[in-house]
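See structure below.
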Amino acid sequence: MNNCLKCGNSVPVERLALGYKTCVNCSTASYKKPKGVMIWTHKTNPEIQIMSNDCWESQKKYFIPNGPRSAVKNFSKNICS
């Protein structure tokens, strides 16, 4: 039996020898890459926090900036008009 369990295409012999039962296209389609962010615990000592894709999706609002990055831009807006 050299057919993929999901799509029915042939599975390479090398993958079957490793115990995989799906083809390369089906196995990589459902794989979500892990993500990470830089955590600055000290001025010159950053750390990388690696997290799963589900954890990233639930917490990305804390890591992605959603406004101007400069304090000058924050205070230069004309809020009186």
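The values are calculated or read from the model by the stated rules, or taken from the named source; none is laboratory data. Quick caveat, the model's predicted, so the values are computed rather than measured. Don't worry about glycine lacking a Cβ; one is built from the backbone with ideal geometry, like all the others, and counts go over all protein chains shown.
State all residues of segment 22-60 that are modelled with pLDDT under 85 and of a type in the set (K, R); if no residue qualifies, say none. Of everything in segment 22-60, those that are modelled with pLDDT under 85 and of a type in the set (K, R) turn out to be K32, K33, K43, K60.
Take C23 and tell me if it is touching a helix residue (DSSP H, G or I) at 6+ places or on another chain (Cβ under 6 Å) and in contact (Cβ under 8 Å) with a residue 12 or more places away in the chain. For C23, the condition - touching a helix residue (DSSP H, G or I) at 6+ places or on another chain (Cβ under 6 Å) and in contact (Cβ under 8 Å) with a residue 12 or more places away in the chain - is not met.
Restricting segment 55-65 to residues that are surrounded by 10 or more Cβ atoms within 10 Å (Cβ to Cβ) and not basic (K, R), the residue that is farthest from N9 (Cα to Cα) is F63. For segment 26-44, the set of residues classified as exposed (fewer than 10 other Cβ atoms within 10 Å of the Cβ) and either in contact (Cβ under 8 Å) with a residue 12 or more places away in the chain or of a type in the set (S, T, N, Q) (or both) consists of T28, S30, K33, T41, T44, listed by residue number. Quick one: how many residues across segment 8-22 are touching a Ser or Thr at 6+ places or on another chain (Cβ under 9 Å) and under 25 Å from D54 (Cβ atoms)? Summing the residues that are touching a Ser or Thr at 6+ places or on another chain (Cβ under 9 Å) and under 25 Å from D54 (Cβ atoms) in segment 8-22 gives 1.
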